[in-house]
Amino acid sequence: MKASSSPKARTKGATVAVPVIQGSIAFWLGPEADEWHSHRWTAYIRGPKNEDLSYFIRYVEFHLHESFHPSKRVVTRPPFELTETGWGEFDLIIRLFFIDNLESPIELVHPLRLFPNPPKDQSVEEPVVNEYYEELVFQDPPEELLAILRMGPQRTVETELQKYFLDFTRQEAQDLEKIKHAKDMIRTKLLAINERSKEIDEERKQLEEEISRIGKAV
Amino acid sequence: MTQSLCKYSEIVNTEESVRNITSEGRGTRNPVYGRDWASLTNSVSVFPSVPVGLYSNNQVSRWKWKAFSSAKRKDGLELFHWSREDKDEEKEDLFSNLNKEAKILKYTDSEYEVVCQETNSDSSWSREETNLLFQLCEKYNLRFTVIYDRWPDERRSLEELKNRYYSVARKLAETRKFEPSTRNSVIFKHVQALIANPFDVDYERQRKVQLDNAFQFSKKELDREENTVREARQIEANRKRRAKERQRIQKLLSRGGDIRHPASVHIVPSVEYPSGQKEHFSNRHRQQQIGNASASEKYDRKGNFPRRRYHSGAFERSSILYTPVSHSQRNIRRVEGMLEELGVGLRPMPTATIVEEFDSLRLDLLNYFEAEKVLIRKEWDLHNLKVRLSKLRGEEPPPVPTFLAESSRKQEDTGVNTSHRKRRKRL
């Protein structure tokens with residue numbers, strides 16, 4: 001593609017983070033389906049707003065469970081998704097290869113979910129969606145890659161699954177709120193410990209005085 | 001002779017002993033000597049053999065029973081020993097290098113006056129006694145055990161004799177002036193040694209009492225003593241280990257503040273998060289990411305977190321969420337449990353801000369656990385003091401507070417859990 005023979009230098013000090021979403025969507029194929037193929041699922045890598053990620057991803061390898069043949073599937077064009085049928089859950093390994101060979105691939109582990117959590121009756125219409133927000137961080141990327149990353153995605157891709165995709169825009173604020181809340185809790189607890197520790201020191205002093213007084217009297 | 005014959009017949013008659021020896025492989029069946037002979041001498045009977053070439057054909061050197069005398073002896077006593085003839089005349093006095101004599105300071109009358117005045121504290125010593133002591137010291141070369149043996153007055157202890165001699169000699173040494181020309185003499189060295197090492201009677205007495213006690217120990221007492229020493233060593237090792245662990249955590253938490261002052265725990269000011277705007281999302285998002293990434297990069301470079309290094313290359317940000325916060329498996333599990341309990345979970349959205357906040361939260365949690373541990377130790381100390389006080393007063397000791405009992409039980413429980421987990425892991 002854009003690979004050139006010119007020597008590639010890393011840009012020291014530059015860091016770029018690209019948000020992506022790893023996910024899987026699983027449809028139950030109904031009670032009549034073959035027991036070995038009870039679900040049809042799709043695993044994918046997408047941009048948070050369905051951006052076309054091929055501007056920096058050359059291809060994606062999906063490593064499936066050994067019972068699939070072949071267990072290694074390569075997707076070279078967007079959207080980077082892979083559809084299969086099966087009956088069991090397993091951990092998928094998704095390997096992202098970048099357009100610049102100098103940058104080594106990133107490996108993501110995605111747990112494939114076929115059954116709703118918490119467990120409930122499955123319906124054919126409602127798929128099981130399992131998505132994780134992820135950020136790919138490029139530290140000191142090669143110059144060319146840096147330029148491409150800075151330019152950003154040029155277009156979006158359409159896929160029929162996108163109506164099921166989750167929206168992560170509010171997620172960060174919510175998570176931050178939770179962390180802040182937790183920190184406040186811990187801080188109050190620490191303050192309480194500090195208070196109690198001071199009390200103990202006081203009480204100790206008194207007790208020690210008392211003991212030495214009695215000891216002298218004896 | 002008769003006795004040995006008796007033994008011989010005895011052994012000959014006991015077949016068993018013979019069998020024993022042969023079964024051990026020490027007997028011999030050599031018909032020339034017979035098994036009975038072997039059992040009699042209780043050793044392997046082998047014809048004496050000499051390796052070829054052990055003895056050369058050279059002539060054997062001759063030895064002579066020769067008289068010798070020591071120059072040190074004034075009575076000219078002659079003793080005899082074997083010596084080789086050819087080296088006969090080499091050394092006139094073989095043992096002359098052993099002729100060493102202790103140099104002893106001697107006092108004059110005027111000196112004795114001075115010394116006596118200064119050592120008034122030990123007035124039990126008369127001039128005559130001191131004279132005798134110095135004479136004996138000279139005669140027996142400061143061998144105090146011998147001097148003590150020859151001492152006429154039984155009331156004096158060995159230490160007293162030593163102390164008298166060394167204190168007087170020290171005083172003398174201090175008053176004497178030495179010419180520079182005599183600086184190399186034996187006596188000068190002796191004087192210097194006297195001044196440098198004053199004799200400590202009390203220490204010497206204690207040392208001997210201690211040694212004596214140790215010698216008198218029964219087996220049981222000795223065991224107890226050894227146990228005590230072992231326990232003391234263990235306590236010391238534990239203390240060191242704890243101190244080291246605390247130091248490590250302190251270092252680890254240097255970002256989170258000092259454990260001992262929980263109030264000073266540094267709270268990282270939360271960064272304003274721009275509310276997600278639908279339009280131009282990706283561009284804005286990207287800019288913000290880049291900005292934050294540089295902040296996190298700075299943090300990574302600082303390397304406050306254990307096992308985290310800055311290096312070139314691409315990685316997924318969520319991996320930072322999974323870096324272990326502590327070296328201790330138990331601490332890691334506790335932190336994870338607490339994160340779930342607090343509703344944060346183990347994998348919040350891995351943006352730059354959240355990753356940083358999440359790290360600092362985890363460090364705060366470690367901080368908190370440590371503070372809790374210290375507090376529980378303090379509570380125990382307090383409880384023990386209370387028990388001591390009530391004992392002194394003759395009252396019923398207070399019961400262990402329920403939360404303390406629980407905390408110790410909880411620790412036991414987790415201990416069991418770890419072993420279970422370990423076993424499971426191995427399986």
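The values are calculated or read from the model by the stated rules, or taken from the named source; none is laboratory data. Bear in mind that the values here come from a model prediction, so they are computed numbers and not experimental data. Every residue, glycine among them, receives a Cβ derived from its backbone with ideal geometry; neighbour counts consider all protein chains shown. We work out accessible area using only protein heavy atoms, side chains counted, and drop any ligands, DNA or RNA first. Shrake-Rupley method; radii C 1.70, N 1.55, O 1.52, S 1.80 Å.
Numerical summary
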read-out: Those GluC sites (Glu not before Pro) in the range A:42-104 that DSSP places in a loop and that have at most 10 other beta carbons within 10 Å; value: A:66
read-out: Projected label distance in nm at residue B:103 and residue B:315, using a 7 Å step from Cα toward the beta-carbon; value: 7.3 nm
read-out: Phi-based couplings in Hz for the range B:130-141 (Karplus 6.51, -1.76, 1.60; Gly and Pro marked x); value: 4, 4, 4, 4, 5, 4, 5, 4, 5, 5, 9, 6
read-out: For residue B:345, distant residues with modelled amide H under 5 Å away; value: B:340
read-out: In Hz, Karplus ³J(HN,Hα) per residue of the range A:121-133 (6.51, -1.76, 1.60; θ = phi - 60°; x = Gly, Pro); value: 5, 7, 10, 6, 7, 9, x, 8, 9, 10, 10, 10, 7
read-out: For the range B:226-234, Karplus couplings with θ = phi - 60° (6.51, -1.76, 1.60), whole Hz, Gly/Pro x; value: 5, 4, 4, 4, 4, 4, 4, 5, 5
read-out: Chain A, helix-only ellipticity at 222 nm - DSSP H runs n ≥ 4, -39,500 (n - 2.57), divided by all residues, nearest 500; value: -9000 deg cm²/dmol
read-out: Residue mean of other protein chain beta carbons inside 10 Å, A:10-16; value: 4
read-out: Residues in the range A:35-65 that a label on residue A:83 would reach, taking backbone N under 18 Å of a point 7 Å out along Cα→Cβ; value: A:37-46, A:62
read-out: Contour excess over end-to-end distance, with Cα ends at residue A:174 and residue A:204 and 0.36 nm allotted per residue; value: 6.3 nm
read-out: For A:181-189, mean number of other protein chain Cβ atoms within 10 Å; value: 6
read-out: Assigned charges on the beta-carbon of Lys, Arg, Asp, Glu; the range B:324-408 dipole about Cα centre (debye); value: 480 debye
read-out: Shielding of B:344-350 by partner chains, average beta-carbon count, 10 Å; value: 6
read-out: Fully extended contour minus Cα-Cα distance, from residue B:85 to residue B:228, at 0.36 nm per residue; value: 45.3 nm
read-out: Interface area, B with A, accessible, probe 1.4 Å, both sides summed, Å² nearest 100; value: 5800 Å²
read-out: Highest-first arrangement of A:128-134, A:206-212, where packing means the average Cβ count within 10 Å; value: A:128-134, A:206-212
read-out: Relative contact order computed over chain A (Cα-Cα under 8 Å; 6+ residues apart), in percent; value: 26 percent
read-out: Within straight-line cross-link reach of residue B:66, aspartates and glutamates at Cα separation under 14 Å, skipping those fewer than 8 residues along the same chain; value: B:78, B:85, B:86, B:88, B:89, B:90, B:92, B:93
read-out: Per-peptide average of other Cβ atoms within 10 Å, ordering B:197-207, B:133-143 highest first; value: B:133-143, B:197-207
read-out: Under 5 Å, built H, 5+ apart or other chain: amide partners of residue A:20; value: A:134, A:135, A:136
